[in-house]
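Visitor: Submitted below is the structure of interest, expressed as structure tokens.
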Amino acid sequence: MVDTKPVVFFVLGGPGSGKGTQCAKMVDQYGFAHLSAGDLLREEVILLFHFISLIDQKQRDSGSETAQLINQYIVEGKIVPVEITCQLLKKGMEKKGWAEKRFLIDGFPRNQDNFDGWDRVMGDLVEVPFVLFFDADEETMINRIMERSKTSGRNDDNIESLKKRFDTFKKETMPIVDLFDSNGKTQKINALRTIDEVFEDVKKAFEPYL
Ligand code: ADP
Ligand code: C5P
Ligand code: MG
């Protein structure tokens, strides 16, 4: 039994705002544990599709159904039901080691369903001091994603999916950022500068936890 709850920082921002890039630096330099909800969902699709031949018919049907569902949501830029995402995050946290860790949960909670689902399952188990929010304009984010698309291999790094992702971000994610903000729990970072300049502000935000 541990008496210290793990500390979780949510990391939000539009597609291409630099969430993954900055989280990776926190991992390298300060040993934070990083879990990207989007990465976990993509890995789950690959896992389900790859291992589907090894399991019995009933599991196979449900596995491929889930994989297809996640894939469709991703291509459409929609938010996957929280039951799936929260379980992946919880498993990921357990795998990294639960106790006394500082977790960066990137790309979550993306909408009210994410927020409520997390609260039900994880609300009492962890502390969430604040949300780190990377603020950038759409043009910058589009340019970054189009550059990333040359090597990412992601089926949603194209202009068609990207438009839908921005739409979801504005309609569903910004209200969550605003909700945390209204409780004084959003730390806004100007994400328009160089990676190193942004990181200076990120470090300042985390200063009490370094
Ligand atoms: P997100 O996880 O928020 O979608 P990423 O961290 O994957 O964003 O960054 C998107 C792309 O933009 C990547 O190719 C990354 O190298 C690049 N990038 C990230 N931060 C910056 C920055 N401050 N300036 C320029 N390019 C950046
Ligand atoms: O954060 P990232 O850009 O990797 O997310 C890619 C996609 O994964 C999102 O556009 C969305 O379809 C899905 N996702 C989700 N729920 C989350 C995070 C990501 O459905 N909490
Ligand atoms: Mg990312």
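Visitor: Per DSSP H run of n ≥ 4, the term is -39500 (n - 2.57); total these for the chain, divide by its residue number, and report the mean residue ellipticity at 222 nm rounded to 500 deg cm²/dmol. Don't skip to the end; give the middle numbers.
Guide: Values: 9 runs with 118 residues, N = 210.
Value at 222 nm, helices only: -18000 deg cm²/dmol.
Visitor: Let me ask something else about it. Anyone know which of Asn143, Asn183, Asn111 comes out most mobile in the 10 Å Cα GNM of the chain?
Guide: Asn183
Visitor: Using a 10 Å cut-off on Cβ atoms, rank the peptides 36-47, 88-99 from the highest mean neighbour count down.
Guide: Highest-to-lowest ranking by the protection proxy: 36-47, 88-99.
Visitor: Check which residues have an amide H placed less than 5 Å from Val131's amide H, if you skip close sequence neighbours.
Guide: Excluding prolines and chain starts, which carry no amide H, the hits are Thr186, Gln187.
Visitor: Something else: Explain nothing, just the number: relative contact order of the chain, from Cα pairs under 8 Å at least 6 residues apart, as a whole percent.
Guide: So the answer I get is 35 percent.
Visitor: Can you sort Thr186, Thr4, Thr140 so the residue with the fewest Cβ neighbours within 10 Å comes first?
Guide: Sorted ascending by nearby Cβ count, the order is Thr4, Thr140, Thr186.
Visitor: For the range 1-108, what is the convex hull volume of its Cα atoms per residue in Å³?
Guide: That works out to 124 Å³ per residue.
Visitor: Running a GNM on the chain with Cα contacts under 10 Å, which residue among Ile195, Ile74, Ile55 ends up with the highest mean-square fluctuation?
Guide: Ile55
Visitor: Same structure, new question: Give me the net charge for the shell around Val11: Cβ to Cβ below 10 angstrom, other residues only, Lys and Arg +1, Asp and Glu -1. Display every interim value, and only then the final one.
Guide: Numbers: positive: Lys19; negative: Asp106.
With Lys, Arg at +1 and Asp, Glu at -1, the net is 0.
Visitor: Let me ask another. Report the far tail of the P(r) of the chain, meaning the percent of Cα-Cα pairs longer than 29 Å.
Guide: Tail of the P(r) past 29 Å holds 24 percent of the pairs.
Visitor: Using θ = phi - 60° and the Karplus curve 6.51 cos²θ - 1.76 cosθ + 1.60, what whole-Hz ³J(HN,Hα) does each residue of the range 70-87 get, with Gly and Pro shown as x?
Guide: With the stated coefficients, the range 70-87 comes to 4, 4, 4, 4, 5, 5, 7, x, 9, 9, 4, x, 4, 4, 6, 5, 5, 5 Hz.
Visitor: How large is ³J(HN,Hα), in whole Hz, for each residue of the range 128-133 in order, when computed from phi with the Karplus curve 6.51 cos²θ - 1.76 cosθ + 1.60 and θ = phi - 60°, using x for Gly and Pro?
Guide: Once rounded to whole Hz, the list reads 10, x, 6, 9, 8, 10.
Visitor: Ok, one more. Along the Cα-to-Cβ line of Lys91, 7 Å from the Cα, sits a label point; which residues in the range 114-140 have backbone N less than 18 Å from it?
Guide: Counting backbone N atoms under 18 Å from the label point, the list is 118, 121-122.
Visitor: Mind listing the phi-derived Karplus ³J(HN,Hα) values for the range 10-27, rounded to whole Hz, using 6.51, -1.76 and 1.60 with θ = phi - 60°, and x for any glycine or proline?
Guide: 7, 10, 10, x, x, x, x, 6, x, 4, x, 4, 6, 4, 4, 5, 5, 5
Visitor: For the chain, set up a GNM with springs between Cα atoms under 10 Å and report which of Phe51, Phe199, Phe130 has the largest fluctuation.
Guide: Sorting by GNM fluctuation, first place goes to Phe51.
Visitor: Please list, ordered by chain and number, the residues whose modelled amide H lies under 5 Å from the amide H of Ser36; skip anything fewer than 5 residues away on the same chain.
Guide: Asp106
Rule-based calculations on the coordinates, nothing more; no lab input. Please read all numbers here as calculations on a predicted model, not as lab measurements. Cβ atoms come from the backbone with ideal geometry, glycine included; neighbour counts cover every protein chain shown.
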